[in-house]
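Following: one structure in structure tokens, then a few remarks.
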Amino acid sequence: MTKIDAEWLEAFDKELLHLFAIGHCDAGMDEYLLGCYADLPPREAALAFGSDYDLERDDALWPRPGLAPQSER
């Protein structure tokens with residue numbers, strides 16, 4: 001079983017929270033599932049996990065203040 005690096009996990013969680021407003025615990029990720037993504041950089045891992053599980057981006061429905069919706073760009 002892959003040992004998950006604590007620094008990688010912290011960075012991965014930050015990316016998940018930023019992109020999808022969910023942490024790995026909230027997503028129900030165990031050590032096995034984390035190990036499936038641990039060979040990727042944290043941001044790429046978060047995007048891959050979100051894609052694999054059809055997570056909606058945090059800014060998909062309500063863009064961050066100061067950003068125009070994509071349809072207006």
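Could you say which residue among D13, D30, D26, D39 is surrounded by 15 or more Cβ atoms within 10 Å (Cβ to Cβ) and free of Cβ contacts under 8 Å to residues at least 24 places away in the same chain?
Working: D30 fails: surrounded by 15 or more Cβ atoms within 10 Å (Cβ to Cβ); D26 fails: surrounded by 15 or more Cβ atoms within 10 Å (Cβ to Cβ); D39 fails: surrounded by 15 or more Cβ atoms within 10 Å (Cβ to Cβ).
Answer to the selection: D13.
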**OP:** Given the conditions (1) open to solvent by 80 Å² or more (accessible area, probe 1.4 Å); (2) modelled with pLDDT of 90 or more; (3) assigned to a loop (DSSP other than H, G, I, E, B), report the number of the one that K3 does not fulfil.
**Re:** (2)
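The values are calculated or read from the model by the stated rules, or taken from the named source; none is laboratory data. These numbers were taken from a predicted model, which means no experiment stands behind them. Don't worry about glycine lacking a Cβ; one is built from the backbone with ideal geometry, like all the others, and counts go over all protein chains shown. In case anyone asks, the SASA skips ligands and DNA or RNA and just uses the protein heavy atoms, side chains included. Shrake-Rupley method; radii C 1.70, N 1.55, O 1.52, S 1.80 Å.
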